[in-house]
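Notes to accompany the following structure.
The values are calculated or read from the model by the stated rules, or taken from the named source; none is laboratory data. Everything quoted here is computed from the prediction, not taken from an experiment. Ideal geometry is used to build each Cβ from the backbone, glycine not excepted, and the neighbour counts take in all protein chains shown. Ligands, DNA and RNA are stripped out before the accessible areas are found, and what is left, the full protein with its side chains, is counted by its heavy atoms. Shrake-Rupley method; radii C 1.70, N 1.55, O 1.52, S 1.80 Å.
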Amino acid sequence: MIPDNRITDLLGMELPILLAPMAGAAGSELAIAVSSAGGLGALPCAMLSAEKIRTEMGIIRQRTDGPVNLNFFCHVPPVPDPGKEAAWRDRLRPYYAEFGIDPDTAPAGAGRNPFSAESCAIVEEFRPEVVSFHFGLPDEALMERVKATGAKVIASATTVAEARFLEERGCDAIIAQGAEAGGHRGVFLEADIATQPGTLALVPQVVDAVSVPVIAAGGIADGRGVAACFVLGASAVQVGTAYLSSPEALTSEGHREALARARDDRTVLTNVFTGRPARGLLNRFVSEVGPMSDVAPEFPLATAGVGPLRAAAEAAGLSDFSPLWAGQAAALSAPMEAGELTVKLMRDAQRLLQS
């Protein structure tokens, strides 16, 4: 059983392998490597300034003719709650004291930006082949502007209801993100993460519910996972954690060391780093403050309070306060050049499907 060619034809790829847009860990080098190997490279933009996005896209366009995906968050910025901010700082106060940090000097700020008119102007300037969204979609006017550039629009769904919502609003393909996936959950209709299905259950139900191609995501780290998703009806897969150990990734040394020790039962969904559920490897901060905290401010306002602790710990060679994003299949991945991994994933999957 060979996957259909709907995604490769739609997005201009040779291989139905998409790089997951991992903010903070995926930059131009990783995107170039995956696109040059025949997959779809991605540049996550939520943590980048407009100037940085332009710089990174300029590098990508100079070094590969392959398609690229610009990824954006679509969260609604919350109204700051001084009471909750103060409670969060109080919860973190013992850790500030441990590192000799004055909590009153910790900077405020969101740390992650939603898609905006300024972001849309960058899309219009560079005209990427694909634009993807996490946490829903932008408003109709911005969607129309994105579509007018010729870009194909894809977005994450964690439930069948979200998949239908995205198709009804013009998405060209749906990313079915199972609960196994690393990083932030793409939830935007359903807040209860305890009820969300895994990849094996979600993908075929989304395939049955929508007419556009489906991209499977979550727990896919080798050819076996890729082949399984094709059998379930997916037209392509999106892979993230397996690329974190690639030399082209921006993954920190502490994160790489944690990935090398990864186990199947050592990731959790936690909101203590940003205020929104995201899957990562257990560390001290997650264990002691979370995994899920009622005190953490709304996404992405929790980030500012943790930032000084992360910086101080990393300066001391510790990853105790760093978000170690990873999916449940992290232990299946091994360090490998990103282009080689892209080709290997597809080659191994085809071998299994043809046997």
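From the list 284, 279, 256, 263, which residue is basic (Lys, Arg) and either surrounded by 23 or more Cβ atoms within 10 Å (Cβ to Cβ) or closer than 18 Å to residue 185 by Cβ (or both)?
279
From the set of residues in the range 210-219 that are assigned to a strand (DSSP E or B) and of a type in the set (Gly, Ala, Ser), which is surrounded by the fewest Cβ atoms within 10 Å (Cβ to Cβ)?
Step by step, filter the range 210-219, then rank; the result is 217.
I want to confirm something. Restricting to the range 38-69 and keeping residues that are over 17 Å from residue 12 (Cα atoms) and β-branched (Val, Ile, Thr), which single residue is surrounded by the fewest Cβ atoms within 10 Å (Cβ to Cβ)?
It comes out as 55.
Any residue in the range 287-296 that is surrounded by fewer than 21 Cβ atoms within 10 Å (Cβ to Cβ), over 21 Å from the mean Cα position of the chain (by Cα), of a type in the set (A, V, I, L, M, F, W, C) and farther than 18 Å from residue 47 by Cα?
Among the residues of the range 287-296, at least one is surrounded by fewer than 21 Cβ atoms within 10 Å (Cβ to Cβ), over 21 Å from the mean Cα position of the chain (by Cα), of a type in the set (A, V, I, L, M, F, W, C) and farther than 18 Å from residue 47 by Cα, which makes the answer yes.
Any residue at all in the range 3-22 that's open to solvent by 40 Å² or more (accessible area, probe 1.4 Å), in contact (Cβ under 8 Å) with a residue 12 or more places away in the chain, under 26 Å from residue 344 (Cβ atoms) and touching a strand residue (DSSP E or B) at 6+ places or on another chain (Cβ under 7 Å)?
There is at least one residue in the range 3-22 that is open to solvent by 40 Å² or more (accessible area, probe 1.4 Å), in contact (Cβ under 8 Å) with a residue 12 or more places away in the chain, under 26 Å from residue 344 (Cβ atoms) and touching a strand residue (DSSP E or B) at 6+ places or on another chain (Cβ under 7 Å).
Which of the residues that make up the range 85-121 are in a helix (DSSP H, G or I), within 30 Å of residue 159 (Cβ to Cβ) and either open to solvent by less than 30 Å² (accessible area, probe 1.4 Å) or free of Cβ contacts under 8 Å to residues at least 12 places away in the same chain (or both)?
Once the filter is applied, which keeps residues that are in a helix (DSSP H, G or I), within 30 Å of residue 159 (Cβ to Cβ) and either open to solvent by less than 30 Å² (accessible area, probe 1.4 Å) or free of Cβ contacts under 8 Å to residues at least 12 places away in the same chain (or both), the range 85-121 yields 88, 119, 120.
Which one of 59, 101 is among the hydrophobic types (A, V, I, L, M, F, W, C), modelled with pLDDT under 95 and in contact with a helix residue (DSSP H, G or I) (Cβ under 6 Å, 6 or more places away or on another chain)?
Just a single option satisfies the conditions, and that option is 101.
Can you say whether residue 179 is assigned to a loop (DSSP other than H, G, I, E, B), of a type outside the set (Lys, Arg) and under 25 Å from residue 24 (Cβ atoms), as far as the supplied structure shows?
So residue 179 fits the description; yes.
Identify, please: which residue in the range 309-355 is in contact with a Phe, Trp or Tyr (Cβ under 6 Å, 6 or more places away or on another chain) and of a type in the set (Gly, Ala, Ser) and is, among those, nearest to residue 180 (Cα to Cα)?
338
Among the residues of the range 222-243, what is the count of those that are under 19 Å from residue 179 (Cβ atoms), crowded, with 24+ Cβ neighbours inside 10 Å and among the hydrophobic types (A, V, I, L, M, F, W, C)?
Final tally of qualifying residues: 6.
If you take the residues in the range 122-141 that are open to solvent by less than 20 Å² (accessible area, probe 1.4 Å) and in a helix (DSSP H, G or I), which one is farthest from residue 188 (Cα to Cα)?
If we take residues in the range 122-141 being open to solvent by less than 20 Å² (accessible area, probe 1.4 Å) and in a helix (DSSP H, G or I), then 122 is farthest from residue 188 (Cα to Cα).
Tally time: how many residues in the range 30-56 are part of a helix (DSSP H, G or I) and over 27 Å from residue 185 (Cβ atoms)?
Number satisfying all stated conditions: 5.
Under 6 Å between Cβ atoms, which residue pairs at least 6 apart in sequence (or on different chains) link something in the range 290-315 that is hydrophobic (A, V, I, L, M, F, W, C) with a partner that is in a helix (DSSP H, G or I) and open to solvent by less than 50 Å² (accessible area, probe 1.4 Å)?
The qualifying pairs are 295/87; 295/88; 296/302; 309/95.
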